[in-house]
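The values are calculated or read from the model by the stated rules, or taken from the named source; none is laboratory data. Just so you know, these numbers come straight off a predicted model, no measurement behind them. Cβ: placed from backbone, ideal geometry, glycine included. Neighbour counts: every protein chain shown.
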Amino acid sequence: MSRIGLLLLSLCLVASACDRESSASGSETGSDTDTDTDTDTGSGSGSDSDTGSDSDTGSDSDSDTDTDTDTGTGDGDGPEPTALRVMTFNVWDVRTTDLLDPTHTRLAGIARVIKETAPDVVLINEINFDQPGDPWFDGGDPGQNGQRLADLWIAKDLGDGAAPVAYSAFMLPSNTGVASMLDLDNDGSVAASFPVPGPRRSDDSPTNTGGAEALAWGGDSWGFGRFPGQYAMALLVRDGSGVEIAGGQIRSFQNLVWSSMPDALRPVDPDTGVSWYSDAEWQVMRLSSKSHWDVPVRLENGAVVHLLASHPTPPVFDGPEDRNGTRNFDEIRLWADYIDGAEWIVDDAGTAGGLPADASFVVLGDQNSDPDEGATVNGVAAISLLLEHPRINGDFVPVAGDPVADDADDTADFGLRADYVLPSKDLTVVGGEVFTAPWYGNASDHYPVFVDLEIESP
């Protein structure tokens, strides 16, 4: 049994699953108490925690945005390392209809953030994957919303003083809002339809209308979403950065079955001992609430860095069986096992195995887990599986110059640390921060986190 498997087994003998109030169906979402935002991570709601760091690079809106890769030759010992700025940004449920509206004030703020920080690569969490079956899909190729964000917003002069920046986008499908045709929320029926979401609020924040019908659809989907493709992901690469996605080497794990994980935390009602999922459901239930991606990028100096992108479900909005808490834990554990090279992991193309032992990587995304506060499983914070992993630099903690909540490392309005950029130990960290600015307003209920790296030539 693996090191993590032994840990899980011993923990499970000690404590029962946390009892938290059930609010919706299997899951997702929002700031506060709304049942549809992938941002809440327990301890009431939300995502993260605290730990200061002397290596903060400041948080002014115009701080350190010069991240062009440098492959010049130094005076002495060969090529200088290449600089790489990696960022993660949960943009709070951006939908196709938002992207197509040039008056959308939140998107103007989101675009300004990305322009002023100018990351070489940025993972966007909570952007609608446009596809057949979603409320606004009008034909053409699916998965264009990442490029719409880049072209219609970040590459435009919006009159805010931030210079346009060009990006190329990558998207893959998400499990959110995709019908399973099973009664996964155990309400006695399988959802057959979803209502079209209502218009946004006057401040351009998302609304979650649709009532019980929308909740039932989300509860019976592979990952909670009130419509197909809600809360998906996009990866943006800055044009001219010298960074290229190694397309033929991308791996995704959208369809990986939860029960295939050794010592998987199958949700069980502690009072009755009955599994939340029937045996038939458990044999097909997907582990990833959105998807997990391994996207290798190649730098100008020839180095390759694997971007391990994900957005685990918030560990709340369930019941005593803790089905979302256990799923969040195992979604995060998937990356720990992958980094260990676990052979049980099979990608969507049918290839088995984990990351090579000598690969450089960065884990990034809204993990919905805080190391010090929020939800735990049997007393263990899921994110500790990554922060304490021997191949990960979990010691560097980005902080905000102007804290957004109680602690300098909090990344969300609700006072928890949810969002992470975690490099492998072979990569040199030269700085990073939780980005805030006086003009930020309600651009998102999360704040972007970036880390600056120096990467040696291979």
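Give all pairs with beta carbons closer than 9 Å in which a residue from region 137-151 that is within 19 Å of F227 (Cα to Cα) and in contact (Cβ under 8 Å) with a residue 12 or more places away in the chain meets a residue that is among the polar types (S, T, N, Q) and surrounded by 19 or more Cβ atoms within 10 Å (Cβ to Cβ); count only pairs at least 6 apart in sequence or on separate chains.
Correct list of pairs: F137/T96; F137/Q131; P142/Q131; G143/Q131; Q144/T96; N145/T96; N145/N128.
Just to be sure I understand, how many residues within region 311-338 are free of Cβ contacts under 8 Å to residues at least 60 places away in the same chain and either closer than 14 Å to A375 by Cβ or surrounded by fewer than 24 Cβ atoms within 10 Å (Cβ to Cβ) (or both)?
Within region 311-338, residues that are free of Cβ contacts under 8 Å to residues at least 60 places away in the same chain and either closer than 14 Å to A375 by Cβ or surrounded by fewer than 24 Cβ atoms within 10 Å (Cβ to Cβ) (or both) number 3.
Is it the case that N368 is surrounded by fewer than 18 Cβ atoms within 10 Å (Cβ to Cβ) and either part of a loop (DSSP other than H, G, I, E, B) or touching a residue at least 24 places away in the same chain (Cβ under 8 Å) (or both)?
No: the conditions fail for N368.
Check region 219-235 and report whether any residue there is in contact with a strand residue (DSSP E or B) (Cβ under 7 Å, 6 or more places away or on another chain) and more than 23 Å from W92 (Cα to Cα).
no
Taking the residues in region 146-185 that are in a loop (DSSP other than H, G, I, E, B) and among the β-branched types (V, I, T) as candidates, determine which candidate is surrounded by the most Cβ atoms within 10 Å (Cβ to Cβ).
Out of the qualifying residues, it is V165.
So which of D419, D426 ends up being of a type in the set (D, E), touching a strand residue (DSSP E or B) at 6+ places or on another chain (Cβ under 6 Å) and farther than 18 Å from D370 by Cβ?
That would be D426, the only listed residue that is of a type in the set (D, E), touching a strand residue (DSSP E or B) at 6+ places or on another chain (Cβ under 6 Å) and farther than 18 Å from D370 by Cβ.
Under 7 Å by Cβ, and 6 or more places apart or on different chains, what pairs join a residue from region 214-234 that is among the acidic types (D, E) with one that is modelled with pLDDT of 95 or more and outside any strand (DSSP E or B)?
Pairs found: D220/S180; D220/L182; D220/D183; D220/L184; D220/D185; D220/V190; D220/A191.
Test L364 against the criterion of being under 16 Å from the mean Cα position of the chain (by Cα) and among the aliphatic types (A, V, I, L, M), and give yes or no.
yes
Somewhere in region 289-300, is a residue surrounded by fewer than 19 Cβ atoms within 10 Å (Cβ to Cβ), under 30 Å from P164 (Cα atoms) and in contact with a strand residue (DSSP E or B) (Cβ under 7 Å, 6 or more places away or on another chain)?
Yes, some residue in region 289-300 is surrounded by fewer than 19 Cβ atoms within 10 Å (Cβ to Cβ), under 30 Å from P164 (Cα atoms) and in contact with a strand residue (DSSP E or B) (Cβ under 7 Å, 6 or more places away or on another chain).
Return the total of residues in region 117-145 being part of a loop (DSSP other than H, G, I, E, B), under 19 Å from the mean Cα position of the chain (by Cα) and among the acidic types (D, E).
Total meeting the criteria: 2.
What pairs come out if I take residues in region 174-189 that are among the charged types (D, E, K, R) and pair them with residues that are part of a loop (DSSP other than H, G, I, E, B) whose C-beta lies under 8 Å away, six or more apart or interchain?
D183/S189; D183/V190; D183/D220; D185/S25; D185/G26; D185/D220; D187/S25
Inside region 406-458, can you point out the residues that are among the charged types (D, E, K, R), modelled with pLDDT of 95 or more and either under 18 Å from the mean Cα position of the chain (by Cα) or part of a strand (DSSP E or B) (or both)?
D409, D410, R417, D419, E433, D445, D452, E454
Find the residue count for region 435-449, including only residues that are in contact with a strand residue (DSSP E or B) (Cβ under 9 Å, 6 or more places away or on another chain) and more than 15 Å from Q367 (Cα to Cα).
4
Given the criteria closer than 15 Å to P315 by Cβ and in a loop (DSSP other than H, G, I, E, B), does P390 qualify?
In short, no.
Mind telling me which of the residues E281, E300 ends up being of a type in the set (D, E, K, R), farther than 30 Å from D358 by Cβ and either out of contact with any Pro (no Cβ under 6 Å at 6 or more places or on another chain) or in contact (Cβ under 8 Å) with a residue 24 or more places away in the chain (or both)?
Of the residues listed, the single one that is of a type in the set (D, E, K, R), farther than 30 Å from D358 by Cβ and either out of contact with any Pro (no Cβ under 6 Å at 6 or more places or on another chain) or in contact (Cβ under 8 Å) with a residue 24 or more places away in the chain (or both) is E281.
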